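Below is one structure, written out as structure tokens; comments come after it.
The values are calculated or read from the model by the stated rules, or taken from the named source; none is laboratory data. Here the structure is a predicted model, which is why all the values come from computation and not from measurement. Here the Cβ positions follow ideal geometry from the backbone for every residue, glycine too, while neighbour counts run over all protein chains shown. Side chains included, ligands, DNA and RNA excluded: accessible areas come from the protein's heavy atoms. Shrake-Rupley method; radii C 1.70, N 1.55, O 1.52, S 1.80 Å.
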Amino acid sequence: MATTASPGVAWPARTLDARPWLRFGLRRAGRLLVSLWVLLTASFLMTHLIPGDPVRGALGPTAPAELVAAKRTALGLDDPLPVQYLDHLRGVLTGDLGTSLISQVPVSDVIGQRLPATLWLAVLGFAVAVAVAVPVGVAAGVLTRRGHGRRTELAFTGTSVVLGTIPDFLVGVALVYVFGVRLGLLPVAGNDTLSSLVLPVLALAIGPAAILARVLRVEMVRVLQADYIRTARAKRLPARTVHLRHALPNALTAALTLCGLLLGALVAGTVLVENVFAWPGLGSTIVSSILTKDYPVVQGIVLVYGVGVLLVNTLVDVALALLDPRSMIRED
Amino acid sequence: MSELRFEQVSVRYGRSTVVDGVSLVVPPGEVVGLVGESGSGKSTLARAAVGLAPLHGGSILLDGEPVPLRGRRRPVQMVFQDPFSSLDPRMTIGASIAEAMPRDLDRSARRVEVARLLELVHLDAARADARPAELSGGQRQRVALARALAARPAVVVADEITSALDVSVQGTVLNLVRELQRELGLSMLFISHNLAVVRYVASYVAVMHRGVVVEQGPAAQVLAEPAEPYTRDLLAAVPGSTLRRSHP
């Protein structure tokens, strides 16, 4: 048999096809708009269908009936619900979220004052969760691969399941009791000093960190069995390079999806945690506004939380598509 | 050109002995075909040569010295069976190839070397930025060969490198293996369960059965006049085999 070299093949130049990205962008934008509309509608209906009169709540039980009626008319609360709904949509689209019934301060100002504290808490909580979960999950995956370290696996899984399933406000209460009341090491309320951040951030971060570390361990164990890891070992790369350059990026896809969900849950978790720690953010404001039936503030804050979660999810989808373009193509 | 020598090599997993006292020589610049049914221990022996399977006994020598199983020197390189999973899906093929190169090469030298290796395996150098998913199985296996050659090995171990490919692509890859082996004077341990494939590329053949080498010698002799009943069974099992009659 003659030896024939396979002919060189002239490949077409590698070009970036913009069409899948355009379709992906349009699909995501459409989904975002529909979700925003559902969010606006749901927040409007929820606040307006709750029994009780917000004007009576704002003016107090002794206010004259004429005054209450005049105030209701002035706020448009006597209009039919569809008219109020359209006014609400128009206001949101023009950037007018209304005025607080209690404090008479524009809702956008209330949000502007309170949002930084909540964002600070959520971002720090998420950063701490990721900073703890990634090294712990990777190390646990390496230590427990291919059936190694059964005891380590049992201890890790048990601990992460327990920490991941306790609600964050209960974690907060426990932290307050141990570090604030018993040990007196850290402040238990307010945001006067940097140390005030420690307990609420921990309360928010512990659960997501445990869940993320557990998923990362499982993904690392799966990826470390892959053939390309064996190839990397055959190259005699240092173990650290094999784990960090080859295994971790491939294990991160599932973790990144989870990160989006966890960040969304963490943002929502600030509502309860802020109340446990008397943190002056949106979470504590929305609870007090619900109790006083301050509709415009409740609707505005629900909108901010909802938009935050939707944006996080959209950003995660984009990050996933950049990291693994197959995820974008699979949707077609 | 280097000689790879297995001396009484044993590999055990738990209580199971997968390779049992195998002695085998890959002479300098020659291709030794290692054949046997699935589970006979061929791939385990190959993995032991690159340090992926622990030795229970015996030794593996390269030009009389133990094959270094630690450190960055990688004189024995392996090409794996499945080209669809053996390359990191997130890494460009250029990066995969460059990663196997000696550390002392700088970035520009690596780029030049990647282009040279891709051309050596008949791939356009411009494909260095492609990811494995953009290549066919045959192209990926050529990348895997380039990746193995990037480490400048003395010996290449090819483990069933055509068995995951379409028949039409197998011939192309086999021709490339022969061409590279002759051009570079590589010593090669070529593992396959396909006797026709082994006959095409190997000058020597060793037959493994249940962890033991039952017969070895020049390919013409072993395939034309097998001494062992197991080798005869293997030859008889090849559908429509004309191996024994047609071998030159």
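Indicate the gyration tensor shape class of the protein assembly as shown (rounded, prolate or oblate), computed on the Cα atoms with a ≥ b ≥ c the square roots of the eigenvalues: a/c under 1.5 is rounded; otherwise a/b larger than b/c is prolate and the rest oblate. Verdict is prolate for the protein assembly as shown.
Just give the residues from the range B:131-164 buried by at least 40 square angstrom of accessible area in the all-chains context relative to the isolated chain, probe 1.4 Å, and say none if nothing qualifies. In the range B:131-164, residues shielded by partner chains: B:ARG147. A simple spin-label model places the labels of B:ALA196 and B:ASP63 3.9 nm from each other, with each point 7 Å out along Cα-to-Cβ.
What ranking, highest mean first, results for peptides A:155-163, B:155-163, B:33-41, B:226-234 when packing means the other Cβ atoms within 10 Å averaged over each residue? List each step's numbers first, then the result.
Working: A:155-163: 14.9, B:155-163: 24.0, B:33-41: 21.6, B:226-234: 16.4.
Averaged packing, sorted descending, gives the order B:155-163, B:33-41, B:226-234, A:155-163.
If R0 is 25 Å, the Cβ-Cβ spacing of A:ALA254 and B:ALA95 corresponds to a FRET efficiency of close to 0.60.
For A:ILE166, no residue 5 or more places off, or on another chain, has a built amide H under 5 Å of its own. Between A:ASP53 and A:SER195, the modelled label-to-label distance comes to 5.0 nm, taking each label 7 Å out from Cα in the direction of the beta carbon. Around the amide H of B:GLU215, modelled in the peptide plane, lie the amide H atoms of B:VAL207, all under 5 Å away and 5 or more residues distant in sequence or on another chain. In the range A:223-239, what residues drop by 10 Å² or more of accessible area when the other protein chains are put back, versus the chain on its own? Use 1.4 Å, and skip ligands and nucleic acids. Buried on complex formation: A:ASP227, A:TYR228, A:ARG230, A:THR231, A:ARG233, A:ALA234, A:LYS235, A:ARG236, A:LEU237, A:PRO238. The B and A chains share an interface that buries close to 3100 Å² of accessible area, total over both sides, probe 1.4 Å.
Run the helix sum for the protein assembly as shown: -39,500 (n - 2.57) per DSSP H stretch of 4+ residues, divided by residue count, reported at 222 nm to the nearest 500 deg cm²/dmol.
Details: 22 runs with 318 residues, N = 580.
Result for the protein assembly as shown: -18000 deg cm²/dmol, rounded to the nearest 500.
Cross-link candidates for A:LYS235: which aspartates and glutamates have Cα within less than 14 Å, leaving aside residues fewer than 8 places away along the same chain? Cα-Cα hits under 14 Å: A:ASP227, B:ASP88, B:GLU99.
How much of the accessible area of the protein assembly as shown, in percent, comes from carbon and sulfur atoms when a 1.4 Å probe is used? It would help to have the intermediate numbers written out before the result.
Details: 17120 of 27740 Å².
It is 62 percent, rounded to a whole number.
Backbone phi angles across the range B:208-222, fed through the Karplus curve with coefficients 6.51, -1.76 and 1.60 (θ = phi - 60°), yield HN-Hα couplings of 10, 8, 6, x, 10, 7, 8, 7, 8, x, x, 4, 4, 6, 5 Hz in residue order; Gly and Pro are listed as x.
7 Å from Cα along Cα→Cβ at both B:SER16 and A:ALA319: what's the point-to-point distance in nm? For the pair B:SER16/A:ALA319, the computed spacing is 4.1 nm. Whole Å is fine, so just give me how far the alpha carbon centre of the range A:86-118 lies from that of the range B:199-237. Here the answer is 84 Å between Cα centres.
Using a/c under 1.5 as the rounded threshold, could you call chain A rounded, prolate or oblate? The axes a ≥ b ≥ c are square roots of the C-alpha gyration tensor eigenvalues, and prolate needs a/b larger than b/c, oblate otherwise. Note, shape of chain A comes out oblate. Rounded to the nearest whole Hz, the Karplus-based 3J(HN,Hα) values (6.51 cos²θ - 1.76 cosθ + 1.60, θ = phi - 60°) of the range B:225-236 follow the sequence 9, x, 8, 9, x, 5, 5, 5, 5, 4, 5, 5, with x at glycine and proline. As a length-normalised measure over Cα pairs under 8 Å and 6 or more apart, the relative contact order of the range A:226-312 settles at 22 percent.
A:TRP37 contributes an accessible area of around 140 Å² to the protein surface, as traced by a 1.4 Å probe with all chains present.
Using a simple charge model, +1 on the beta-carbon of Lys and Arg, -1 on the beta-carbon of Asp and Glu, nothing else, what dipole does chain A show about its Cα centre, in debye to the nearest 20?
Details: 28 positive and 19 negative charges, 419 e Å.
Using only the charged Cβ atoms, the result is roughly 2020 debye.
Counted residue by residue at 0.36 nm each, then reduced by the alpha carbon distance between them, the extension gain from A:ASP227 to A:LEU67 reaches 49.9 nm.
Annotation: amide H-H contacts under 5 Å for B:GLY33 (H modelled 1.01 Å from N, sequence separation of 5 or more, or interchain): B:PHE190, B:SER203, B:TYR204, B:VAL205, B:ALA206.
What chain B shows is 42 Å² of accessible area per residue, with the surface traced by a 1.4 Å probe over protein heavy atoms. Cross-link partners for A:LYS71 among the lysines, with Cα-Cα distance under 20 Å and sequence neighbours closer than 8 places in the same chain left out: A:LYS293.
Highest mean first, what order results for B:81-92, A:236-247 on Cβ atoms within 10 Å? Intermediate results must be reported in sequence, preceding the final value.
Numbers: B:81-92: 21.1, A:236-247: 17.1.
Output ranking for B:81-92, A:236-247: B:81-92, A:236-247.
For chain B, the relative contact order is 27 percent, taking Cα pairs closer than 8 Å that sit 6 or more residues apart in sequence and dividing their mean separation by the residue count. Averaging the sequence gap over all C-alpha pairs within less than 8 Å and six or more residues apart, then dividing by the number of residues, gives chain A a relative contact order of 25 percent. Gain on full extension, evaluated as 0.36 nm per residue between A:ALA265 and A:GLN104 minus their Cα-Cα distance, stands at 54.8 nm.
Starting from 0.36 nm per residue, how many nanometres of slack lie between A:ARG19 and A:ALA42 once their C-alpha separation is accounted for? Could the numbers behind the result be given before it?
Numbers: separation 23, 0.36 × 23 = 8.28 nm, distance 3.44 nm.
The span from A:ARG19 to A:ALA42 would gain 4.8 nm if fully extended.
With a Förster radius of 45 Å applied to the beta-carbon distance between A:VAL178 and B:SER163, the computed FRET efficiency rounds to 0.15. How far is the Cα center of the range A:182-208 from the Cα center of the range B:135-194, in Å? The two parts, judged by their Cα centres, are 60 Å apart.
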